[in-house]
Amino acid sequence: MQKSIKRYFALFALPTVLAFTVMFIIPFVLGVYLSFTEFTTVTDAKWVGLSNYLKAFSNKEFLNALWFTVKFTVVSVLTINVFAFLLAMLLTRGKKGTNLFRTIFFMPNLIGGIVLGYIWQLIINGILIKFDVTLTSSANYGFWGLVVLMNWQLIGYMMIIYIAGIQNVSKDVIEAAMIDGSTRFGILRNVTIPLVMPSITICLFLSLSNSFKLFDQNLALTAGAPSKQTSMLALDIYNTFYGSVGWEGVGQAKAVVFFVLVALIALIQLVATRSKEVES
Amino acid sequence: MQKTRGRDSVVVTVLFILAVLFLAPILIVLMNSFKGKFFISDTPFKLPDAQTFIGLKNYTGGVAKIGFFNAFGNSLFITVCSVAVIVLLTAMTAWYITRVKTKFTKMLYFIFVFSMIVPFQMVMFTMSKVANILHVDNLVGIIFIYLGFGAGLSVFLFSGFVKSIPLEIEEADLIDGCNPVQSFFKVVLPILKPIAITVAILNVMWIWNDYLLPMLVIGTEHRTIPIAIQYLKGGYGSIDMGAMMAMLVLAILPIVIFYLFCQKYIIEGVVAGAVKG
């Protein structure tokens, strides 16, 4: 059977493989190479070794963006997952109307980042104006604005995944624990949470990588203001490429660092999933 | 019994308040879209009154300013064509590399999976340069780019599903005299339908909302909706808040309609994609 299919490579696989090679593999390899060179277009690259990386790590804006992104990611991941888990607990009690609530909580997730950014710009500025400040008066406002926006967007998404996980926990296990005299909190801590661990890992990873790679929302809400203090990594890389001439190599070096960080997060997630999951 | 009922009503009340809070931002934007542009930023939480209400002027003005219907058409064209191409071609590719086991197909699969963790910023500059050189930096060419960049996740999801299809079904079909092409389209593709819906939903959500890729490749010449919204800010110094509110509403509307009609598929698709990805 394998033999008879094999001849059809050109029909089945070639179009995808061609597009994938031209639009992903070549740009990726070229990107790694260019991070060690100085260039303005792709064809005039001059090898400069590690100098782009040195420049990137001595670049205040990059370090600031890195620190801002880490802080933002930690706070977002914690708040999103706590709220999403609590909501999922409330929505898995088999009450009427839960479907309607689920529908509403999930909806913001479908709206694009640019649109989300401008919606929240209006709301947050509307509140801050009562205190005679705006979103861009201080980096703190931008930070918490992004956290609120991210919560609004992702809570419903994570909630859906938690609901699926909680619904998989068999009622017998919970009943057995109740007969043994466990308290509600005890059941949550010793039965429910260990059994929904796979969902927790998925949600932690999804919210982590979504927060870490945030771009559109950042661009629309504050665009980095005041003075690039609220730029996250993705936005800083974009600005390095397209905001200042002669910095393309540094931009590409920053992008490689960004890629390595994202890959590390994915790797840690993979290891964590394999080790933490409990057989249910 | 009495006690549980009391607790139930507390839960429902809490959920109800939260639901209102979740909907509030969208309703506030909707409300402001009917107000004159100078009455929005300062008092966004006030209902329109006789002085501030201006009917549909923000809508007509905004639509003309950013060419909303053009942008809508561009977004629709790019999304529908790219998703159709991605679903069909990556299903075929996934079937091929799962059924034909060679070193080459194993390596391909590995690179597809690897591409899923690469953030867009890593390749954005080089990818847009390559797109320029190959002249795919237009409304039709971008379909090819989306195929290349979206292949990783889609091939991965399809491959996982193909592995679960018993080989006997296809073998019986081949003995009946079908060639692999007939066998794929008549037997395999219908079986792939559930995962194809998941792949389609995930790609629709990505491509419809995507800002940076079309911005770098096509620019503001043929704007998609996200680019048109951002253009409203960039192109005119201070933002026309009235037009902005109206355009935000028009940008959200198609998504809400799509969601209400395909809610079940969207939620299932997103969960399936998350769990497997």
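Worth a mention:
- Residue under evaluation B:I207, criteria (1) modelled with pLDDT of 95 or more; (2) open to solvent by 30 Å² or more (accessible area, probe 1.4 Å); (3) of a type in the set (V, I, T), criterion not met: (2)
- Failed criterion for A:V82 (all others in (1) surrounded by fewer than 23 Cβ atoms within 10 Å (Cβ to Cβ); (2) touching a Phe, Trp or Tyr at 6+ places or on another chain (Cβ under 9 Å); (3) aliphatic (A, V, I, L, M) hold): (2)
- Top-ranked residue of the range B:42-100 - restricted to ones that are open to solvent by 30 Å² or more (accessible area, probe 1.4 Å) and polar (S, T, N, Q), ranked as nearest to A:G126 (Cα to Cα): B:T43
- Meets criteria (of a type outside the set (A, V, I, L, M) and at pLDDT 85 or above) for A:F185: no
- Of the residues making up the range A:220-233, those that are crowded, with 24+ Cβ neighbours inside 10 Å and in contact (Cβ under 8 Å) with a residue 60 or more places away in the chain number 7.
Quick grid of which residues meet (1) over 28 Å from A:Y118 (Cβ atoms); (2) open to solvent by less than 20 Å² (accessible area, probe 1.4 Å); (3) out of contact with any Gly (no Cβ under 9 Å at 6 or more places or on another chain); (4) not β-branched (V, I, T):
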{"position": "B:D173", "(1), (2), (3), (4)": "yes, no, yes, yes"}
{"position": "B:F184", "(1), (2), (3), (4)": "yes, yes, yes, yes"}
{"position": "B:L212", "(1), (2), (3), (4)": "no, yes, yes, yes"}
{"position": "B:A246", "(1), (2), (3), (4)": "no, yes, no, yes"}
{"position": "B:V256", "(1), (2), (3), (4)": "no, no, yes, no"}
{"position": "B:K264", "(1), (2), (3), (4)": "yes, no, yes, yes"}
{"position": "B:E268", "(1), (2), (3), (4)": "yes, no, yes, yes"}
{"position": "B:V271", "(1), (2), (3), (4)": "yes, no, yes, no"}
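- As for the range A:14-31, it holds at least one residue that is surrounded by fewer than 20 Cβ atoms within 10 Å (Cβ to Cβ) and touching a residue at least 12 places away in the same chain (Cβ under 8 Å).
- Residue in the range A:204-219 that is aliphatic (A, V, I, L, M) and more than 16 Å from A:F72 (Cα to Cα) present: no
- Residue within the range A:120-130 that is farther than 16 Å from A:A164 by Cα, open to solvent by 20 Å² or more (accessible area, probe 1.4 Å), within 7 Å of chain B (Cβ to nearest Cβ) and polar (S, T, N, Q) present: yes
- A:A253 vs. criteria more than 30 Å from A:W152 (Cα to Cα), assigned to a helix (DSSP H, G or I) and out of contact with any helix residue (DSSP H, G or I) (no Cβ under 7 Å at 6 or more places or on another chain): no
Residue-by-condition table, conditions (1) within 11 Å of chain A (Cβ to nearest Cβ); (2) of a type outside the set (V, I, T); (3) not in a helix (DSSP H, G or I):
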| site | (1), (2), (3) |
| --- | --- |
| B:F114 | yes, yes, no |
| B:F125 | yes, yes, no |
| B:K129 | yes, yes, no |
| B:D137 | no, yes, yes |
| B:I142 | yes, no, no |
| B:F184 | yes, yes, no |
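Yes or no, residue by residue, for (1) more than 25 Å from B:I267 (Cβ to Cβ); (2) without any contact (Cβ under 8 Å) to a residue 24 or more places away in the chain; (3) in a helix (DSSP H, G or I):
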{"residue": "A:I161", "(1), (2), (3)": "no, no, yes"}
{"residue": "A:A164", "(1), (2), (3)": "no, no, yes"}
{"residue": "A:Q167", "(1), (2), (3)": "no, no, yes"}
{"residue": "A:A177", "(1), (2), (3)": "yes, yes, yes"}
{"residue": "A:S182", "(1), (2), (3)": "yes, yes, no"}
{"residue": "A:G186", "(1), (2), (3)": "yes, yes, yes"}
{"residue": "A:R189", "(1), (2), (3)": "yes, yes, yes"}
{"residue": "A:P194", "(1), (2), (3)": "yes, no, yes"}
{"residue": "A:P198", "(1), (2), (3)": "no, no, yes"}
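- Looking across B:F38, B:F16, B:F22, B:F34, one residue alone is modelled with pLDDT under 90 and either exposed (fewer than 13 other Cβ atoms within 10 Å of the Cβ) or not assigned by TED's automatic domain parsing to the domain that holds B:V181 (or both). It is B:F38.
- Condition met for A:T240 (of a type in the set (S, T, Y), touching a Lys or Arg at 6+ places or on another chain (Cβ under 7 Å) and surrounded by 21 or more Cβ atoms within 10 Å (Cβ to Cβ)): yes
- The residue list B:I195, B:I252, B:I229 contains one member that is part of a helix (DSSP H, G or I), at pLDDT 90 or above, at the interface with chain A (Cβ under 10 Å from one of its Cβ atoms) and more than 15 Å from the chain's Cα centre (by Cα), which is B:I229.
- Subset of the range A:203-214 that is surrounded by fewer than 21 Cβ atoms within 10 Å (Cβ to Cβ) and under 17 Å from A:L66 (Cβ atoms) - its residue that is farthest from the chain's Cα centre (by Cα): A:K213
- Hits in the range A:108-158 - residues which are within 25 Å of B:R223 (Cβ to Cβ) and aliphatic (A, V, I, L, M): A:L110, A:I111, A:I114, A:V115, A:L116, A:I119, A:L122, A:L149
- For the range A:249-269, the set of residues classified as surrounded by fewer than 23 Cβ atoms within 10 Å (Cβ to Cβ) and either in contact with a Cys (Cβ under 9 Å, 6 or more places away or on another chain) or facing another protein chain (nearest Cβ under 8 Å) (or both) consists of A:V256, A:F259, A:V262, A:A263, A:A266, listed by residue number.
- Residue match in the range A:72-89 (condition: away from chain B (no Cβ under 13 Å), touching a residue at least 12 places away in the same chain (Cβ under 8 Å) and touching a Gly at 6+ places or on another chain (Cβ under 7 Å)): no
- Qualifying residue in the range A:64-81 (condition: assigned to a helix (DSSP H, G or I), farther than 30 Å from A:F143 by Cβ and modelled with pLDDT of 90 or more): no
- Residue under evaluation B:I133, criteria (1) open to solvent by less than 30 Å² (accessible area, probe 1.4 Å); (2) within 12 Å of chain A (Cβ to nearest Cβ); (3) out of contact with any Gly (no Cβ under 7 Å at 6 or more places or on another chain); (4) hydrophobic (A, V, I, L, M, F, W, C), criterion not met: (1)
- Yes/no for B:I145 being modelled with pLDDT of 95 or more, more than 26 Å from A:L235 (Cα to Cα) and open to solvent by less than 60 Å² (accessible area, probe 1.4 Å): no
Quick grid of which residues meet (1) outside the structural domain of A:W67 (by TED's automatic domain parsing); (2) surrounded by 16 or more Cβ atoms within 10 Å (Cβ to Cβ); (3) touching a Phe, Trp or Tyr at 6+ places or on another chain (Cβ under 9 Å):
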| site | (1), (2), (3) |
| --- | --- |
| A:F105 | no, yes, yes |
| A:L146 | no, yes, yes |
| A:A164 | no, yes, no |
| A:I179 | no, no, no |
| A:G186 | no, no, no |
| A:N190 | no, no, no |
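The values are calculated or read from the model by the stated rules, or taken from the named source; none is laboratory data. It should be emphasised that the depicted structure is a prediction, and the values quoted were computed from it without experimental measurement. Cβ coordinates were reconstructed from backbone atoms using ideal geometry, including for glycine residues, and neighbour counts include every protein chain displayed. Note: areas computed on protein heavy atoms with side chains; ligands, DNA, RNA excluded. Shrake-Rupley method; radii C 1.70, N 1.55, O 1.52, S 1.80 Å.
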